[in-house]
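Values in this text are rule-based calculations from the coordinates and carry no lab data. Since the structure is predicted, the reported quantities are computational estimates derived from the model, not experimental observations. We place every Cβ from the backbone using ideal geometry, glycine too, and count neighbours over all the protein chains shown.
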Amino acid sequence: QVQLAESGGGLVQPGGSLRLSCAAQVSGRIFSSHGMGWFRQAPGKEREFVACIRWGVGNTYYADSVKGRFTISRIGAENMVYLQMNDLKPEDTAVYYCTRTRRGYSTLAAEYDVWGQGTQVTVSS
């Protein structure tokens, strides 16, 4: 089973930045046909798509709410996925989850088959 472990969350003031990291633990490289994504979930709300990157080609996709502020990237040799979060807003407060699509790109949580445990991001003054 592929395992994902997020880190980098914390408390930041509005307008600040954080970089989330996701370490993918796998037996060999099996990501070429997959997408790696970030979702977030605030208390009482549904899990929300944030960003996705096609592992093999590096194409990126973003929710409208984070375009221009967040950047998803990867270092394939290290099996690492990152989410650089700039100009953070209070509404970005949520638990952020690293996840993997069964294949390709999707904004739907049901299309992702492996999830990390989440890392808390709190944006508050």
State which stretch of the chain is the longest one without any exposed trypsin sites (Lys or Arg not before Pro), exposure meaning a DSSP loop state and at most 15 other Cβ atoms within 10 Å.
70-101
Expressed in nm to one decimal, what extension gain is obtained for the pair Val57 and Arg103 from 0.36 nm per residue of sequence separation less their Cα-Cα distance?
15.3 nm
Karplus (6.51, -1.76, 1.60) ³J(HN,Hα), θ = phi - 60°, over region 3-9, in Hz, Gly and Pro reported as x:
10, 10, 9, 8, 7, x, x
For Cα pairs less than 8 Å apart in space and 6+ apart in sequence, what is the mean separation divided by the residue count of region 1-81, i.e. the relative contact order in percent?
24 percent
Tell me, in nm to one decimal, what length is gained between Glu48 and Asp87 on full extension, where the rule is 0.36 nm per residue of separation less the Cα-Cα distance?
12.2 nm
Built amide H within the under 5 Å cut-off of His34, gap 5+:
Trp55, Gly56, Gly104
How many percent of DSSP beta bridges within the chain run antiparallel, rounded to 5?
95 percent
How high is the relative contact order of region 59-99? Use alpha-carbon pairs under 8 Å, at least six apart in sequence, and give a whole percent.
29 percent
Residues whose built amide H sits under 5 Å from the amide H of Lys89, excluding neighbours closer than 5 in sequence, are Gly15
Using the 4.7 Å Cβ rule, please list in number order the cysteines from the chain without any candidate partner.
Cys52
What are the ³J(HN,Hα) couplings of region 88-101, residue after residue, when phi is run through the Karplus curve with 6.51, -1.76, 1.60 and θ = phi - 60°? Round to Hz, x for glycine and proline.
5, 10, x, 6, 7, 4, 4, 7, 9, 10, 7, 8, 10, 6
For region 25-125, what does the relative contact order come out to in percent, with C-alpha contacts under 8 Å and a separation of six or more?
29 percent
